[in-house]
Amino acid sequence: MKCRVCGKEIEDGSEFCRYCGASQQKKRKPTWRERKRERERETAEIIKKASLTEQDVLLAVPTGTDGLEMREIGETRKTYIRTAVLAAVYSLITAAALAGLVLMIRLRIENLSGTVRAVICFALLLALAGFGATAAEKIYSAGVFKKMSRSVRAIKKVSYGRAPYVTNDGKIYQLVCNAKCTACGAGLHIEEFDGKLYEVCDYDRTHLYALPIADIYKNLLGVDILGEDGGAKEEETAAYGCKDGDADKKTDADKTQENPRDVETEVQASENVCKEDGDGKGNE
């Protein structure tokens, strides 16, 4: 017999070639169970690489807003309504494609040949898959936009392949990233984890940069969400927005810092009262 790799003559039944050492056993085809396990493993690896984890974000380096661009889309309410209408349209087309496919399978039309029937069924199947996936994406997007429209400010990444959406005072924008990785020079894209945004390197996912949401609003929209008193928290904006009333709440310590003279006046008044009480007791 000849070696399967180098082609030299070797003894019949040899497991390995004595010249090149190559195995002579034919590769066994994996069973469907083995192929299924392999596909599941590959899918899990892809999902793991495509999404951030808690361990990943611990390595993120804080960065600024250089290379970021805010593109206005329109009013948040109108965007929600438009997306909901598109979701309804795609859902109707999906239902029509499904109904047509069922009719083509069950009904027998005499003037229709088997080839034409197969082509029509295949076209309906493609329409069902395409429009169905689009309808599901539009339905999810409409739900997110509805929640965002109820808040004064909100940041949310709707889908993996698109830039995150940012709302402020009834307007909705897309946060586009044109920045480059400072470590390797590759492009960056924005991902979301636990309500916070991170710039992730397209070449090496270990190159992470944390995006402060307060800086995004301040530098790109000119809105200081923290305020002078620091009342509004950045985390509240990340979780579908912070309310205007929260920024007006002030603690006693804040009032003391803002009006120290009023505090001194109150202290003086208290001392005078105590002094008068003491003098009165002495006279008695």
With the crude spin-label approximation of a point 7 Å out along Cα→Cβ, what separation in nm comes out for GLU11 versus ARG33?
3.6 nm
Could you give the length gained by full extension between ASP204 and ARG18, i.e. 0.36 nm per residue of separation minus their alpha carbon distance, to one decimal place?
62.7 nm
What order do you get for 33-41, 2-10 when each peptide is scored by the mean count of other beta carbon atoms within 10 Å, highest first?
2-10, 33-41
Counting only protein heavy atoms and a 1.4 Å probe, tell me what percentage of segment 21-172's accessible area is made up of carbon and sulfur.
60 percent
Say R0 is 30 Å: what FRET efficiency, to the nearest 0.05, do ARG4 and GLU40 get from their beta-carbon distance?
0.45
Using 1/(1 + (r/R0)^6) with R0 = 45 angstrom and r between the beta carbons of GLN25 and PHE122, what's the FRET efficiency to the nearest 0.05?
0.65
Per-peptide average of other Cβ atoms within 10 Å, ordering 180-187, 50-57, 200-207 highest first
200-207, 180-187, 50-57
Per residue accessible area of segment 5-80, 1.4 Å probe, in Å²:
84 Å²
With θ set to phi - 60°, apply the Karplus curve 6.51 cos²θ - 1.76 cosθ + 1.60 along segment 53-59 and write out the HN-Hα couplings as whole Hz, x wherever there is a Gly or Pro.
10, 5, 5, 5, 5, 5, 8
Rank by packing, highest mean first: peptides 114-121, 125-132, with packing defined as the count of other Cβ atoms within 10 Å averaged across residues.
125-132, 114-121
How many angstrom lie between the C-alpha centres of segment 1-44 and segment 127-195?
47 Å
Counting sequence-distant residues (5 or more places) and residues on other chains, those with an amide H built under 5 Å from that of LEU208 are VAL61
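The values are calculated or read from the model by the stated rules, or taken from the named source; none is laboratory data. All values reported here derive from a predicted model rather than from experimental measurement. Using ideal geometry, Cβ is built from the backbone for each residue, glycine included, and neighbour counts are taken over all protein chains shown. Surface accessibility is based on the protein's heavy atoms, side chains included, excluding ligands, DNA and RNA. Shrake-Rupley method; radii C 1.70, N 1.55, O 1.52, S 1.80 Å.
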